[in-house]
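The values are calculated or read from the model by the stated rules, or taken from the named source; none is laboratory data. Model, not experiment: these values are computed from the prediction. Here the Cβ is made from the backbone with ideal geometry for all residues, glycine too, and neighbour counts use every protein chain on show.
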């Protein structure tokens, strides 16, 4: 396909119960992160870079921001850990990569791309995914990096309510 | 959950999704985000990233179904995305949203929750962000 399309980037930071009386500072911070993600991704598209690069750039911004349930700011498991999943796919060629249950990879989306580009597989999970991240030089962090007090308190409330895991979704 | 879909100058699409999953999850649960075709999918005509109750997105193969409707059934992106996210998934008992983009630059952002953090940027380079349903 050789054409000149108008570069477009669309992002989301999660859907669910978002209350209008949300703390204004929190709303402002989330808004700013979304704008930053759009700008960083779109800047790459304007340079003629492939769509996958823009997707990566935007998601990394959101993974690094504690206001979203991904990367830093991820919710906690029942056992008090952060376990993250990510996936990428390119429309041309249908290449795809995914990771699940990673706990030390700073930006799981970068690892998903590495799985797509440097492994013969589509999905790696858990320890195997972490080992592949080390092999590829993907940045890892101490699991405490992902913790935020707000997410911890959400988990504590869920434990108290004891309604079962299927009623708590991120 | 966070996600992005993009269309580049060559007319190629891509999609990505990243998540911390479900609060209080157990037993090594994996949701839709990492499942190609459920929470994330892209082909030559369409790209989708989902956010919501993952088990339902997996059962509906939500992202792939949206793209299949666009690519194979020639449905509009808006109709395909809305039907899957706001009709099929709620009919199963699920909820959530998605962002979708087609190769002609059409954007769809359906959701059936109180809100969805979302944003888009097109040719003018001006970032647009919305959170609540009526924005």
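Summary table
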quantity: Residue ID - surrounded by the most Cβ atoms within 10 Å (Cβ to Cβ), chosen from residues in segment B:83-102 that are closer than 19 Å to residue B:117 by Cβ and out of contact with any helix residue (DSSP H, G or I) (no Cβ under 8 Å at 6 or more places or on another chain); calculated: B:99
quantity: So residue B:44, is it surrounded by fewer than 24 Cβ atoms within 10 Å (Cβ to Cβ) and at the interface with another protein chain (Cβ under 9 Å from one of its Cβ atoms); calculated: yes
quantity: Per-region count, segment A:90-107, residues closer than 14 Å to residue B:35 by Cα and within 15 Å of the chain's Cα centre (by Cα); calculated: 5
quantity: Residue in segment B:57-67 that is surrounded by the most Cβ atoms within 10 Å (Cβ to Cβ), counting only those that are within 13 Å of the chain's Cα centre (by Cα) and within 14 Å of chain A (Cβ to nearest Cβ); calculated: B:63
quantity: Those residues of segment B:98-107 which are on the phi < 0 side of the Ramachandran plot, at the interface with another protein chain (Cβ under 9 Å from one of its Cβ atoms) and touching a strand residue (DSSP E or B) at 6+ places or on another chain (Cβ under 8 Å), in sequence order; calculated: B:98, B:99, B:100, B:101, B:103, B:107
quantity: Check on residue B:34, touching a residue at least 24 places away in the same chain (Cβ under 8 Å) and either within 11 Å of chain A (Cβ to nearest Cβ) or closer than 30 Å to residue A:66 by Cα (or both); calculated: no
quantity: Failed item, numbered, when residue B:124 is tested on (1) over 12 Å from the mean Cα position of the chain (by Cα); (2) surrounded by fewer than 22 Cβ atoms within 10 Å (Cβ to Cβ); (3) more than 20 Å from residue A:123 (Cβ to Cβ); (4) at pLDDT 95 or above; calculated: (4)
quantity: Options B:95, B:18: the member that is under 22 Å from residue B:132 (Cα atoms), under 15 Å from the mean Cα position of the chain (by Cα) and either modelled with pLDDT under 95 or more than 7 Å from chain A (Cβ to nearest Cβ) (or both); calculated: B:95
quantity: So residue B:4, is it at the interface with chain A (Cβ under 7 Å from one of its Cβ atoms), in contact with a strand residue (DSSP E or B) (Cβ under 6 Å, 6 or more places away or on another chain) and closer than 27 Å to residue A:151 by Cα; calculated: yes
quantity: Hey, residue A:16 in contact with a strand residue (DSSP E or B) (Cβ under 9 Å, 6 or more places away or on another chain) and on the phi > 0 side of the Ramachandran plot or not; calculated: yes
quantity: Checking residue B:105 against (1) buried (at least 19 other Cβ atoms within 10 Å of the Cβ); (2) touching a residue at least 60 places away in the same chain (Cβ under 8 Å); (3) under 30 Å from residue A:46 (Cβ atoms), the condition it does not meet; calculated: (1)
quantity: So residue A:37, is it touching a strand residue (DSSP E or B) at 6+ places or on another chain (Cβ under 7 Å), surrounded by 24 or more Cβ atoms within 10 Å (Cβ to Cβ), closer than 17 Å to residue B:120 by Cα and at the interface with chain B (Cβ under 9 Å from one of its Cβ atoms); calculated: yes
quantity: Conditions (1) more than 7 Å from every other protein chain (Cβ to nearest Cβ); (2) in contact with a helix residue (DSSP H, G or I) (Cβ under 6 Å, 6 or more places away or on another chain); number of the one not met by residue B:27; calculated: (2)
